[in-house]
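Participant: A single structure is presented below for examination.
The values are calculated or read from the model by the stated rules, or taken from the named source; none is laboratory data. Predicted model only: the values in this text are computed from it and were never measured. Counting neighbours? That spans all protein chains shown, and the Cβs are built from the backbone with ideal geometry, glycine included.
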Amino acid sequence: MKVIVIGAGLAGLACAVELADNGYEVEVLEKRPVLGGRVSSWLDKDGDWVETAPHVIRGSYKSVITLLDRVGIGDRIKWKKQQLLYASKGGKLSNISFSPSAGPVEILRSMIGSDLLGFGDKLKLLTGLLPAFTGDKSFIENQDVKNFTEWALNLGVNRDAIGRFFDPMSRTVSFLRPDEVSARVIIFQMASIAQGLNATRIGFLDGDPCQRLFAPIHQYLESKGAKVRTNARLARIDFANETPRALGLELTNGEYVTGDAYVSAMELHALREVLPGQAWSFPYFSRFWQVEEIPVITVQLRFDKKIVDIDNAIFAIGSVMSLVVNLSVTSPGYAHEPGCLLEMIVAPAKDIFHLDDGEIVRLCLDDLTELFPEVADAHMTKSTVVRIPQALYRCEPGAESRRPTQKTPISNFYLCGDYTSHGYTPSMEGATLSGFRVAQMLMEEHGKNLQWHGGTPPS
């Protein structure tokens with residue numbers, strides 16, 4: 001049985017690996033010259049690596065860890081000290097540290113010991129989060145009706161406390177502020193660090209994703225007989241008129257590609273452009289317009305000396321940036337860089353997307369200097385701004401119910417991607433999990449229910 005996977009981000013590649021491991025004939029089509037989607041990296045005109053964003057791997061990312069182990073590169077994750085770091089203007093650094101075996105009780109104790117929240121706010125938050133920490137999934141799902149600020153204020157939490165502790169976290173995981181994002185998203189993130197052994201740890205790849213992550217996946221797929229094609233842009237998906245079935249794919253170069261089943265791992269806006277007219281007669285596809293996508297901005301700054309010498313991710317309080325990472329320290333593959341390479345998430349991106357690159361860099365540099373005063377003594381040698389106009393789905397209240405399932409009304413056509421409904425938030429883990437689940441669904445529905453290899457089997 002031949003399966004064509006459209007898109008070579010983490011979702012599409014996870015699906016392809018699972019299928020190839022189970023003996024399927026797999027062909028992956030990627031429109032860009034590089035693999036990885038929103039986790040990709042590439043060389044710029046100067047020969048320097050550019051990334052789409054800081055890619056933090058959490059200990060709770062079971063599917064991502066499984067995928068890397070499967071292709072033999074699990075040791076390329078460099079795990080850091082288990083803590084949450086927050087930088088405030090004036091050079092103050094606060095942290096919440098966890099033990100490797102941290103569970104719900106340890107998480108509660110660590111939060112109580114933090115200086116980021118007042119004692120009263122800690123007690124109120126811990127009381128409100130206790131059902132999530134103890135594994136009440138229905139409680140988490142029921143929080144999608146209001147934004148996080150509303151949820152926290154209803155507990156009696158001070159608005160300033162929400163800004164200090166949760167605003168950088170919210171802007172990092174969803175690119176939205178706490179008064180925009182669904183309460184479910186933040187509560188889910190808090191609950192996921194209480195899953196048990198090593199769930200609180202975070203790690204980084206030991207170098208750039210192109211060479212250290214996606215090249216090995218590419219090689220692994222080819223060793224299994226799969227075909228991976230880059231610069232293969234889709235023009236149209238061909239559906240049969242008489243029966244709900246996909247017939248083939250027309251590429252922009254005029255080539256027509258056929259298989260027995262098709263998996264879209266495309267971004268939602270790109271998928272909408274190539275669906276045939278008859279698809280919109282299905283309510284399933286017409287609801288695609290109810291899922292809004294938001295922009296993402298990442299900034300990389302190179303300096304002539306070593307600064308911000310911290311081997312971890314840092315949340316930025318009261319800044320245009322939400323997260324700062326010194327890749328020269330966190331990822332050994334960047335250690336040879338002269339000086340240092342800082343990478344940061346700018347969020348919400350929609351607020352400043354209209355500005356030119358120079359203005360965005362100036363805003364980041366000004367805030368960076370206030371957060372880390374030593375930056376004032378360093379000289380910035382290069383800056384890079386990466387913009388993705390339509391990146392993540394907007395995780396506003398009620399959005400969870402609008403996420404499409406991986407199974408479509410078309411019998412041999414499936415979807416994967418972090419915007420689909422898989423129970424996780426938009427992330428590397430959500431994308432990878434969705435790809436594994438589509439592979440399992442396809443095997444079950446087509447009579448080849450073999451051994452499950454993925455991180456978390458579908459319920």
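Participant: With (1) in a helix (DSSP H, G or I); (2) within 30 Å of K350 (Cα to Cα) as the list, and Y220 as the residue in question, which single condition is left unmet?
Facilitator: (2)
Participant: Of the numbered conditions (1) part of a helix (DSSP H, G or I); (2) outside the structural domain of A20 (by TED's automatic domain parsing); (3) without any contact (Cβ under 8 Å) to a residue 60 or more places away in the chain, M441 fails exactly one; give the number of that condition.
Facilitator: (2)
Participant: If you check R38, R32, which single one turns out to be within 21 Å of the chain's Cα centre (by Cα), surrounded by fewer than 17 Cβ atoms within 10 Å (Cβ to Cβ) and in the same structural domain as R236 (by TED's automatic domain parsing)?
Facilitator: R32
Participant: Residue check: is S174 among the polar types (S, T, N, Q) and out of contact with any Pro (no Cβ under 6 Å at 6 or more places or on another chain)?
Facilitator: Considered against the rule, which asks whether it is among the polar types (S, T, N, Q) and out of contact with any Pro (no Cβ under 6 Å at 6 or more places or on another chain), S174 comes out as yes.
Participant: Given the options P295, P216, name the one that is outside the structural domain of V173 (by TED's automatic domain parsing), touching a residue at least 60 places away in the same chain (Cβ under 8 Å), surrounded by 14 or more Cβ atoms within 10 Å (Cβ to Cβ) and touching a Pro at 6+ places or on another chain (Cβ under 8 Å).
Facilitator: Going through P295, P216 in turn, just one is outside the structural domain of V173 (by TED's automatic domain parsing), touching a residue at least 60 places away in the same chain (Cβ under 8 Å), surrounded by 14 or more Cβ atoms within 10 Å (Cβ to Cβ) and touching a Pro at 6+ places or on another chain (Cβ under 8 Å): P295.
Participant: Which one of the conditions (1) free of Cβ contacts under 8 Å to residues at least 40 places away in the same chain; (2) under 19 Å from V50 (Cα atoms) does D366 fail to meet, given that it meets all the rest?
Facilitator: Here D366 clears every test but (2).
Participant: Is there a residue being more than 30 Å from D309 (Cα to Cα), more than 25 Å from the chain's Cα centre (by Cα) and surrounded by 19 or more Cβ atoms within 10 Å (Cβ to Cβ) anywhere in the range 425-446?
Facilitator: Yes - at least one qualifying residue is present in the range 425-446.
Participant: If you check every pair at least six apart or on different chains, which have Cβ atoms under 9 Å apart with a residue in the range 133-153 that is of a type in the set (K, R) first and a residue that is in a helix (DSSP H, G or I) second?
Facilitator: Hits for this filter: K137/A191; K146/N154; K146/A183.
Participant: Another question about this same structure. Whether any residue in the range 389-402 is buried (at least 19 other Cβ atoms within 10 Å of the Cβ) and closer than 30 Å to I307 by Cα is what I want to check.
Facilitator: Within the range 389-402, none of the residues are buried (at least 19 other Cβ atoms within 10 Å of the Cβ) and closer than 30 Å to I307 by Cα.
Participant: Quick check, is E343 acidic (D, E) and either within 21 Å of R177 (Cβ to Cβ) or surrounded by fewer than 19 Cβ atoms within 10 Å (Cβ to Cβ) (or both)?
Facilitator: So E343 fails the test.
Participant: Just a yes or no: is a residue in the range 280-303 over 22 Å from C395 (Cβ atoms), at pLDDT below 95, in a loop (DSSP other than H, G, I, E, B) and not aromatic (F, W, Y)?
Facilitator: No: the range 280-303 contains no residue that is over 22 Å from C395 (Cβ atoms), at pLDDT below 95, in a loop (DSSP other than H, G, I, E, B) and not aromatic (F, W, Y).
Participant: If you don't mind, another one. Return a yes/no flag: does the range 244-256 have any residue that is within 24 Å of the chain's Cα centre (by Cα) and without any contact (Cβ under 8 Å) to a residue 60 or more places away in the chain.
Facilitator: Looking through the range 244-256, none of the residues is within 24 Å of the chain's Cα centre (by Cα) and without any contact (Cβ under 8 Å) to a residue 60 or more places away in the chain.
Participant: Moving to a separate point now. Working carefully through the options A53, A87, A20, A16, find the one that is buried (at least 19 other Cβ atoms within 10 Å of the Cβ) and modelled with pLDDT under 95.
Facilitator: A53
Participant: Here is a follow-up. Give the residues of the range 382-418 that are at pLDDT 95 or above, in the same structural domain as G47 (by TED's automatic domain parsing) and within 30 Å of L342 (Cβ to Cβ), sorted by residue number.
Facilitator: Of everything in the range 382-418, just one residue is at pLDDT 95 or above, in the same structural domain as G47 (by TED's automatic domain parsing) and within 30 Å of L342 (Cβ to Cβ), namely G417.
Participant: Report yes if some residue within the range 227-241 is in a loop (DSSP other than H, G, I, E, B), surrounded by fewer than 13 Cβ atoms within 10 Å (Cβ to Cβ) and without any contact (Cβ under 8 Å) to a residue 60 or more places away in the chain; otherwise report no.
Facilitator: yes
Participant: Considering the range 325-353 alone, what residues qualify as being over 20 Å from the mean Cα position of the chain (by Cα) and within 17 Å of H379 (Cα to Cα)?
Facilitator: S328, E337, P338, G339, C340, L341
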